[in-house]
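The structure appears right after this line, and notes come after that.
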Amino acid sequence: MEDRKLTVRAVERALDILLCFTQDSDLGLTEIASKIDLHKSTVHRLLATLEEKGFLIRNPATEKYRLGIRIWELSTHLPTFDESAAVLLPSMERLRDRLGETVSLYLRDGIERVRIQAVQSQQAIRRVAQIGARLPLSVGASSKVLAAYAPSEVLRELLESPEWPDYVEKDVYKDQLNEIIRLGYATSFEEREPGAAAVAVPVTGRSGNVIAALSLSGPVSRLSRDTLVEYAAILKEAASEMGMMIP
């Protein structure tokens, strides 16, 4: 029994190491150990195993690690919505070209959202959106859209999460979700990042279920509150067309 527990813990730690690379492409032993709060000797053994299996690659010159070819091999077998993200890319590019800001597509995963596709603004001052970024559902326009249309048990888990930010009042948040369902869009103005604003709408598939959130984000210097509301109508139109492409 004890051996089985240790084996599970080792797997969890190895996965924690891989998840470090959702935000950084190259990391050293000390950085990884700090991120997952483990002793460097333990992390070193796990890194050696991941490197041997091809999940990580070590640069001999810098002694830093990056994701290996095995990760790419696994990604080729992702579910069909990954294919849909590629199908929706031209529509997102047209939206970016029309409005001039960064366009992102998010899926809900539990009580978090994951950016599965992004088209970066071409303006000098822009908000850069990293594909694969994972964010909580408690703040942000896309988060609130996905939470508004999520099952009641997901919302309950979210509100009871120990990670819930103290500065977000739960009653206010729930009122916001009701308003999002009424309006069909959500906005955020310096809610998650200083100087950033966003508007998001639900993407409904042919099944009638909300399966994603489509957002547009950029600096507050270009995206006033009135502009966000104006762009919401344009995003709704684009999301309606995208939904027809998804089962």
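Worth pointing out:
- Of residues in region 203-216 being more than 12 Å from Ala238 (Cβ to Cβ) and either surrounded by fewer than 17 Cβ atoms within 10 Å (Cβ to Cβ) or modelled with pLDDT of 95 or more (or both), the one nearest to the chain's Cα centre (by Cα): Ala213
- Screening Val172 against (1) farther than 19 Å from Ala85 by Cα; (2) surrounded by 15 or more Cβ atoms within 10 Å (Cβ to Cβ) leaves a single unmet condition, (2).
- Count - residues of region 213-243 that are outside any helix (DSSP H, G or I) and either closer than 17 Å to Glu193 by Cβ or among the small types (Gly, Ala, Ser) (or both): 11
- With respect to the conditions (1) open to solvent by 20 Å² or more (accessible area, probe 1.4 Å); (2) of a type outside the set (Gly, Ala, Ser); (3) within 16 Å of Asn209 (Cα to Cα); (4) modelled with pLDDT of 95 or more, Pro151 lacks only one, and its number is (4).
- Condition met for Glu83 (at pLDDT below 90 and exposed (fewer than 13 other Cβ atoms within 10 Å of the Cβ)): yes
- Close pairs (7 angstrom Cβ cut-off, 6 or more residues apart or separate chains): over 17 Å from Glu237 (Cβ atoms) and among the polar types (S, T, N, Q) in region 83-106, loosely packed, with under 14 Cβ neighbours inside 10 Å and at pLDDT 95 or above anywhere: none
- Residue check, Leu107 in a strand (DSSP E or B), closer than 23 Å to Asn209 by Cβ, touching a helix residue (DSSP H, G or I) at 6+ places or on another chain (Cβ under 8 Å) and at pLDDT 90 or above: yes
The values are calculated or read from the model by the stated rules, or taken from the named source; none is laboratory data. None of these values were measured; they are calculated from a predicted model. Positions of Cβ are generated from backbone atoms using ideal geometry, with glycine treated the same way; all protein chains shown enter the neighbour counts. Heavy atoms of the whole protein, side chains included, go into the accessibility calculation; ligands, DNA and RNA do not. Shrake-Rupley method; radii C 1.70, N 1.55, O 1.52, S 1.80 Å.
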